[in-house]
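Structure first, then comments.
The values are calculated or read from the model by the stated rules, or taken from the named source; none is laboratory data. This is a predicted model, so every value here is computed, not measured. Neighbour counts are summed over all protein chains in view; Cβ atoms, including those assigned to glycine, are modelled from backbone coordinates with ideal geometry.
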Amino acid sequence: MTVLADADIGTALVVTAHPDDVDFGAAGTIATFTDKGIRVVYCIVTDGDAGGFDRALDNGGMAALRRAEQTEAAKLVGVEDVRFLGYKDGTVEPTLTLRRDIARVIRQVRPDRVITSSPERNYARMGPSHPDHRAVGGATLDAVYPDARNPYAFPELLTEEGLEAWTVREVWLTGGMANNHYVDVTATLDRKLAALRAHVSQTAHMDTLEDFVKGFLGRNAGAAGLPEGTYAEGFQVVPSA
């Protein structure tokens, strides 16, 4: 399995179901990308309106709050372009409409690398396997191949919106059980933690957030053969060519 060198990546697109998904799964890696001058764009499928613990907020209020939290978290790791598709949290399915909407963003952004959630269920931990995560991962893979690269798929994207077909070179999946690539995020751990804390509605109650994050990142580092005291994020890299 060959992973494209970061030096060969101009743009990366991250597609996730909810605000904070990217920060739990890949914010340390994203910070390493932006530090190298890679342009990173976030596409968040829902506004996270079914998340959080403040019952005083209605769904609209929670959605606005979580969009603001994700926008702030993105800035902390060098990302300025955050796009929300506005799907309803908790009800996402890998429909043709979702595939078209993600294919649209791919053709707009024209990324070399796409990061998204695994469409497979993780039987070691329940958290990564939220139905929305799996639906978004599956729809994104379908949008990468064949939809975004095929000018005859969703022809209105070309004929009505002028979006030419685009071939993504590589996909990285988070949250699965088949990691085959690890990124050392020791140097960017503090920024990952800051991004997670920016999601106040989701993490303010987590007194052991830092220990939790260091725990799973430390295990990833061990799996990668990195020295003790280092931290890593894990991915399953899928060539799309």
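Here are some residues: 112, 49, 147, 89. Which one is within 26 Å of residue 166 (Cβ to Cβ), out of contact with any Phe, Trp or Tyr (no Cβ under 7 Å at 6 or more places or on another chain) and either free of Cβ contacts under 8 Å to residues at least 12 places away in the same chain or not polar (S, T, N, Q) (or both)? Please lay out each step first, then the result.
Numbers: 49 fails: within 26 Å of residue 166 (Cβ to Cβ); 147 fails: out of contact with any Phe, Trp or Tyr (no Cβ under 7 Å at 6 or more places or on another chain); 89 fails: within 26 Å of residue 166 (Cβ to Cβ).
That would be 112, the only listed residue that is within 26 Å of residue 166 (Cβ to Cβ), out of contact with any Phe, Trp or Tyr (no Cβ under 7 Å at 6 or more places or on another chain) and either free of Cβ contacts under 8 Å to residues at least 12 places away in the same chain or not polar (S, T, N, Q) (or both).
Could we say that residue 124 is over 19 Å from the mean Cα position of the chain (by Cα) and at pLDDT below 95 here?
Details: over 19 Å from the mean Cα position of the chain (by Cα): yes; at pLDDT below 95: yes.
Against the criterion (over 19 Å from the mean Cα position of the chain (by Cα) and at pLDDT below 95), residue 124 qualifies.
Being more than 13 Å from the chain's Cα centre (by Cα), surrounded by 19 or more Cβ atoms within 10 Å (Cβ to Cβ) and under 27 Å from residue 51 (Cα atoms) is the filter here, so list the residues in the range 102-121 that pass it.
Listed by number, the residues that qualify are 103, 104, 105, 106.
One line per residue, one yes/no per condition, for (1) crowded, with 20+ Cβ neighbours inside 10 Å; (2) at pLDDT below 95; (3) part of a loop (DSSP other than H, G, I, E, B):
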| site | (1), (2), (3) |
| --- | --- |
| 90 | no, yes, yes |
| 97 | no, no, no |
| 128 | yes, yes, no |
| 135 | yes, no, no |
| 143 | yes, no, no |
| 153 | no, no, yes |
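For residue 223, all conditions in the list (1) more than 19 Å from residue 40 (Cα to Cα); (2) aliphatic (A, V, I, L, M); (3) part of a strand (DSSP E or B) hold save one; what is the number of the exception?
(3)
Check 232, 223 and return the single one that is surrounded by fewer than 21 Cβ atoms within 10 Å (Cβ to Cβ) and over 29 Å from residue 107 (Cα atoms).
223
Any residue at all in the range 191-201 that is of a type outside the set (A, V, I, L, M, F, W, C), closer than 26 Å to residue 95 by Cβ and not in a loop (DSSP other than H, G, I, E, B)? Walk me through it before giving the result.
Looking only at the range 191-201, we keep the residues that are of a type outside the set (A, V, I, L, M, F, W, C), and these are 191-192, 197, 199, 201.
This time we only want the ones that are closer than 26 Å to residue 95 by Cβ, so: none.
Within the range 191-201, none of the residues are of a type outside the set (A, V, I, L, M, F, W, C), closer than 26 Å to residue 95 by Cβ and not in a loop (DSSP other than H, G, I, E, B).
List the number of the failed condition for residue 74; all other conditions in (1) touching a strand residue (DSSP E or B) at 6+ places or on another chain (Cβ under 9 Å); (2) surrounded by fewer than 18 Cβ atoms within 10 Å (Cβ to Cβ) hold.
(2)
For residues in the range 197-207 being out of contact with any Lys or Arg (no Cβ under 8 Å at 6 or more places or on another chain) and modelled with pLDDT of 95 or more, which is surrounded by the fewest Cβ atoms within 10 Å (Cβ to Cβ)?
197
Restricting the range 174-196 to residues that are surrounded by 21 or more Cβ atoms within 10 Å (Cβ to Cβ) and of a type in the set (Val, Ile, Thr), which is nearest to residue 127 (Cα to Cα)?
174
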